[in-house]
Amino acid sequence: MLLQLDIQNIALIDKVNIEPGKGLNILTGETGAGKSIIIDSINAILGERVSRDIIRTGKDKALVEAVFRIDNSRFAGFFEEMGLEPEEDGTLIISREFNTSGKNLCRINGKMATVGMLKTFGERLIDIHGQFDNQSLLRTESHLELLDSFAGVGVSDLKQRYTALLNEYKDIKAHLKSLSGDKGDRERKIDLLGFQVEEIKKAKLKPGEEEGLNRQRTLLASSEKIINSLANAYELLFSGNNIKNSVSDNMSEALNELHTIEKLDFRYEDICKKLQDLSFQLEDVIEDIRKERDNTEYNPELLDETEERLDLVFKLKRKYGNSIQSILEYCVKAETQLNEIMKSEEVIEELTKRLKKVDKELYEVAISLNAARCKAAETLEGKIAGELEDLEMKRAKFKADIHFESSLDQNGERKYYLNGLDHIEFLISPNAGEPLKPLSKIASGGEMSRIMLAIKTILADVDRLPTLIFDEIDMGISGKASQKVGEKLSFISRKHQVICVTHLAQIACMADSHFLIEKFSDEHSTKTVVKKLANHEIRNEIARILGGASSSEISKKYADEMLINAKELKKA
């Protein structure tokens, strides 16, 4: 959903801020006031080409910035692919600055981006229908997705089954390919895998061994220092030397002194007891130091063995994994693969049988998918025909053309696609006697907009694009048709944010938010401003559209009546 649009220095616009709301947002104004500039600015955000001539006269650069609220999960793949970080609250800010030299500066959430990146996001944010288009419905690849969404749970379940079988089919084919090849390749692979398995098994690696070896190497390399430190500590604590007594001797002497007075006061007795405890603890420490000293020895041979073992582990890690556990896992896989190749003929035969079985099931599901889609297409065609009739296109015909690709390639295999074997394209014939053509071949802007509106009305619940823009969809229509267009726009806006540029009161009166675009001139310049209208201002604008430049009391009363009727229609 588009939350905010800021435009600076584009054509007649000096600086404009628009905050569209939920539901139906209507833009009105006199011809030439600058409504098309708003659409041009949005197109710039969507990655469309922008001419430097659009920059306001006398200015060196222009800026368009849009703030969207999005579902991060839907765009996660694009953020990751482009190295961008999504905002936790789902805010997406896209800006594009361009100058008179033709340079573009694009940003997505504050980070530098390309025009192509803007286009990738834009195609999934806004659908524009009108003179300049970013129409998702013109992209044939979207037709299958829309038809499947319209079809509902039945097709969804079949697609899940198809996807599971397709993955299995691809895995089996990849496995068969790995076992195929000429005899020389097979022998070379056997030799390589056999060498790798033997090399790893011969090493007799154990999980956690490397950590133990590293600790052992550290101790062995420091054994002389350890022995000297233990011997010195033992001497200081117990043996003493010719110059001074040991700590143990001094502690015994201190205890003897305290024993002579301990009976005189409980305080001396308490001190004597604490020192006696320390004496016992000291004896334990001295004994531990003696044992460690006697058991520690400098062993250069064991150090060399440890270094050699660690070197072997390092070489194996460089070849087969970054840890002993990874090396052992690689060994298991290599041994399994070796066994398969050794008995590859049996494995190939078994895999070929499985592939044939899965291929049969996959084709059957593809046929079921085709049947379900054909049934859904028939329903969709009828519904859209009804909508087109409402929009005064009574002779128009719509068809969801489905081509089932059942042919085999030169190897006698089918080429399965991600969503089945169906190619789907929406076709339209706007007038009686005209052949059905792809949507992209429709020449009339007014017809195209109404066709898109009819399709969007039916697919409103399944189309995931959050914002739809209709630029002068009222071209070439009036009366009853315009009333129907307004109703359908209001209907679509219950599921989408809709922005519509219109000249018709029948459409404008259905607005949830109404923006007036006006042009002001003085002796020095002309500029366009955009204002969100309050309730009484909406009435005056509807009256202006009805009555022209000078709205009368009659047109105001008619405007009041239209707004009341529109309110009732929206409630219904």
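Nothing in this text is a laboratory measurement; each read-out follows from the coordinates by a stated rule. Keep in mind the model is a prediction, meaning the values are calculated, not measured. Don't worry about glycine lacking a Cβ; one is built from the backbone with ideal geometry, like all the others, and counts go over all protein chains shown.
Given that compact globular proteins tend to follow 2.2 N^0.38 Å, what is the ratio of the alpha-carbon Rg of the range 142-293 to that value? With N residues counted in the range 142-293, Rg over 2.2 N^0.38 Å equals 2.59.
Remark: relative contact order (the chain) = 22 percent; criterion is Cα-Cα distance under 8 angstrom and separation of 6 or more residues.
Against the 2.2 N^0.38 Å scaling, with N counting residues, where does the range 379-438 land? I'd like the Cα-based Rg ratio to two decimal places. Ratio of Rg to 2.2 N^0.38 Å for the range 379-438: 1.55. Here the dipole of the range 324-394 is about 200 debye; that uses its Cα centre as origin and unit charges on the Cβ of Lys and Arg (positive) and Asp and Glu (negative). Within straight-line reach of K170, meaning a Cα separation under 27 Å, sit the following lysines at least 8 residues removed in sequence or on another chain: K159, K183, K189, K333, K343, K353, K356, K357, K360, K415. Give me the log10 of I(q) over I(0) for the range 69-200 at q = 0.09, 0.21 Å⁻¹, as the Debye formula computes it from C-alpha points; what are the numbers? Computed log10 I(q)/I(0) values: -0.58, -1.30. Evaluating 6.51 cos²θ - 1.76 cosθ + 1.60 at θ = phi - 60° for every residue in the range 427-436, the Karplus couplings come out as 10, 8, 10, x, 10, 4, x, 8, x, 5 Hz, glycine and proline recorded as x. Report the one residue of S252, T31, L338 whose Cα lies farthest in the direction of the positive end of the charge dipole of the chain (charges on C-beta: Lys and Arg +1, Asp and Glu -1; origin at the Cα centre). Sorting the options by dipole projection puts first T31. At q = 0.05 Å⁻¹ the log10 of I(q)/I(0) for the chain amounts to -0.48, computed by Debye summation with a single uniform scatterer per C-alpha, solvent ignored. Distance between Cα centroids, the range 138-153 to the range 164-239: provide it in whole Å. Comparing the Cα centres of the range 138-153 and the range 164-239, I get a distance of 52 Å. Amide H contacts of K15 (H built 1.01 Å from N, in plane; Pro and chain starts excluded): N9 sit under 5 Å, all sequence-distant by 5 or more or on other chains.
What the Cα convex hull of the range 422-540 gives, in volume per residue, is 165 Å³. What translational diffusion coefficient, to the nearest whole µm²/s, does the range 212-349 have by Stokes-Einstein, given a Kirkwood radius computed over alpha-carbon pairs, a temperature of 4 °C and 1.567 mPa s viscosity? In µm²/s, the coefficient is 63.
Packing around the peptides 430-441, 362-373, taken as the average count of other Cβ atoms within 10 Å per residue, puts them in this order, highest first: 362-373, 430-441. DSSP finds beta bridges in the chain, and of those with both partners inside it, around 70 percent are antiparallel.
Only lysines eight or more places from K291 in sequence, or on another chain, were considered; those with a Cα closer than 27 Å are K225, K244, K274. For H514, the residues 5 or more places off, or on other chains, whose built amide H falls under 5 Å of its own are I26, L533. In this calculation the C-beta distance from R161 to K495 is compared with R0 = 35 Å, giving a FRET efficiency of 0.75. To test your reading of the geometry: what angle, between 0 and 90 degrees and rounded to tens, separates the Cα axis of helix 209-221 from the longest principal axis of the chain? The angle comes out near 40 degrees. Rg/Rh, computed from the Cα trace of the range 1-159 with Rh as the Kirkwood radius, has the value 1.01.
Working note: Cα gyration tensor of the range 298-393, eigenvalues times five, square-rooted, sorted largest first, giving semi-axes of 65, 25, 7 Å.
Take the range 307-456, compute every pairwise Cα distance, and split them into 10 Å bins from 0; I just need the percent in each bin. Going out from 0 Å in 10 Å bins, the range 307-456 shows 9, 22, 16, 15, 12, 11, 11, 4, 1 percent. Taking the Cα centre of the chain as origin and assigning +1 to Lys and Arg Cβ atoms and -1 to Asp and Glu Cβ atoms, the resulting dipole is close to 2900 debye.
Using a cutoff of 8 angstrom between alpha carbon atoms and counting only pairs six or more residues apart, the relative contact order for the range 1-138 works out to 24 percent. The H on the amide N of I469, modeled in the peptide plane, is under 5 Å from the matching H of D127, I128, H129, I499, each at least 5 residues off or on a different chain. Going by alpha carbons, how many degrees (0 to 90, nearest 10) lie between the helix axis of 183-203 and the longest principal axis of the chain? Once rounded, the angle reads 40 degrees.
Considering only Y169, L391, Q497, and ranking their Cα positions along the charge dipole of the chain that arises from unit charges at the beta-carbon of Lys, Arg, Asp and Glu, the one farthest toward the positive end is L391. In this structure, the residue pairs whose Cα-Cα separation is over 23 Å, taken from K61/K519; K35/K527; K22/K519; K22/K527; K61/K532, are K22/K519; K22/K527; K61/K532. Principal semi-axes of the equivalent ellipsoid, √(5λ) from the alpha carbon gyration tensor of the range 346-394, are 46, 7, 4 Å from largest down.
Working note: Karplus 6.51/-1.76/1.60 with θ = phi - 60° gives the range 389-398 the couplings 5, 4, 8, 6, 10, 5, 9, 6, 10, 10 Hz, where Gly and Pro are set to x.
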